[in-house]
Amino acid sequence: MQAPKLIYYLLLGSNMNDPAGQLKLALQHIAALPELQVLKISSLQRTKPYGKTDQDDFFNQVLKLQSPLAPEDMLSTLLNIEKQMGRQRGQKWGPRIIDLDILLIQDMMIETEKLIVPHYDLHNRLFVLELLTEIAPDAMHPKLNKTISELRQELMSSAGGNT
């Protein structure tokens, strides 16, 4: 019996060595894996660094994938792609050749040492909500019980929204 397929939403980010090219290369790595089926791709967005600001702008993109991989296996697969592409684990908020984050997995809530889903800061990052709204405006944030569109609207209305 085949494992059920899960819907994953991933954030791709890069701000080193031709960031737009790095995102394209990461997408090629993802699309080359038979267990990962890319369903939708957001536009590419240039974003100011979040957290540690003394670095180049990031390029970001969101993917909607379908896969039979369990969440922990998906995380391992993404970490392997990062490693293949030359990512060095270093300082938090530092520059990155590639960063692949799991934002949402259907209506799942996971909190382990290695994986937190939905992404712990998803609802505070306008650039992520904007990209997610392009491809999944009605996707639900299972912890906050609001759609991505609602979260985006709330963050845009608030004075403290981080872009």
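Of everything in region 116-126, what is outside any loop (DSSP other than H, G, I, E, B) and either at pLDDT below 90 or under 20 Å from SER76 (Cα atoms) (or both)? Give them in sequence order. Steps first, please.
Start the filter on region 116-126 by keeping residues that are outside any loop (DSSP other than H, G, I, E, B), which leaves 116-117, 122-126.
Result: ILE116, VAL117.
So, in region 41-59, of the ones that are of a type outside the set (A, V, I, L, M, F, W, C) and touching a residue at least 60 places away in the same chain (Cβ under 8 Å), which residue ends up surrounded by the fewest Cβ atoms within 10 Å (Cβ to Cβ)?
Going through region 41-59, the residues of a type outside the set (A, V, I, L, M, F, W, C) turn out to be 42-43, 45-57.
Then keep just the ones that are touching a residue at least 60 places away in the same chain (Cβ under 8 Å); that gives 42-43, 45, 47-48, 50.
Working: SER42: 21, SER43: 11, GLN45: 17, THR47: 18, LYS48: 13, TYR50: 17.
If we take residues in region 41-59 being of a type outside the set (A, V, I, L, M, F, W, C) and touching a residue at least 60 places away in the same chain (Cβ under 8 Å), then SER43 is surrounded by the fewest Cβ atoms within 10 Å (Cβ to Cβ).
Working carefully through the options PHE127, PHE59, find the one that is closer than 20 Å to HIS29 by Cβ and of a type in the set (Phe, Trp, Tyr). Before the answer, list the steps.
Numbers: PHE127 fails: closer than 20 Å to HIS29 by Cβ.
Answer to the selection: PHE59.
Which one is farthest from ILE81 (Cα to Cα) among residues in region 18-29 that are surrounded by 13 or more Cβ atoms within 10 Å (Cβ to Cβ) and over 13 Å from the mean Cα position of the chain (by Cα)? Steps first, answer last, please.
Taking region 18-29 as the starting set, the residues that turn out to be surrounded by 13 or more Cβ atoms within 10 Å (Cβ to Cβ) are 19, 22-27, 29.
Retained after the next criterion (residues that are over 13 Å from the mean Cα position of the chain (by Cα)): 19, 22, 24-25, 29.
On the way: PRO19: 15, GLN22: 12, LYS24: 13, LEU25: 10, HIS29: 7 Å.
Filtering first and then ranking leaves PRO19.
From VAL62, VAL38, grab the single residue that is closer than 24 Å to MET109 by Cα, assigned to a strand (DSSP E or B), without any contact (Cβ under 8 Å) to a residue 60 or more places away in the chain and β-branched (Val, Ile, Thr). Give the steps one after another, and end with the answer.
On the way: VAL62 fails: without any contact (Cβ under 8 Å) to a residue 60 or more places away in the chain.
One residue alone meets the criteria, VAL38.
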Please verify whether region 101-111 includes one or more residues that are surrounded by fewer than 18 Cβ atoms within 10 Å (Cβ to Cβ), free of Cβ contacts under 8 Å to residues at least 60 places away in the same chain and assigned to a strand (DSSP E or B).
yes
Picking from LEU79, LEU65, which residue would you name as being aliphatic (A, V, I, L, M) and either more than 17 Å from LEU12 (Cβ to Cβ) or modelled with pLDDT of 95 or more (or both)?
LEU65
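Could you please give the count of residues in region 87-115 that are under 12 Å from the mean Cα position of the chain (by Cα) and either at pLDDT 95 or above or among the aliphatic types (A, V, I, L, M) (or both)?
Initial filter on region 87-115 (under 12 Å from the mean Cα position of the chain (by Cα)): 98-105.
In the following step, the residues that additionally are either at pLDDT 95 or above or among the aliphatic types (A, V, I, L, M) (or both) were identified as 98, 100, 102-105.
Going through region 87-115 one residue at a time, the tally reaches 6.
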Of all residues in region 112-148, which are without any contact (Cβ under 8 Å) to a residue 40 or more places away in the chain, more than 19 Å from LYS40 (Cα to Cα) and of a type in the set (D, E, K, R)?
GLU113, ASP121, LYS143, LYS146
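The values are calculated or read from the model by the stated rules, or taken from the named source; none is laboratory data. Keep in mind that what you see is a predicted model, and the values were worked out from it rather than measured. Counting neighbours? That spans all protein chains shown, and the Cβs are built from the backbone with ideal geometry, glycine included.
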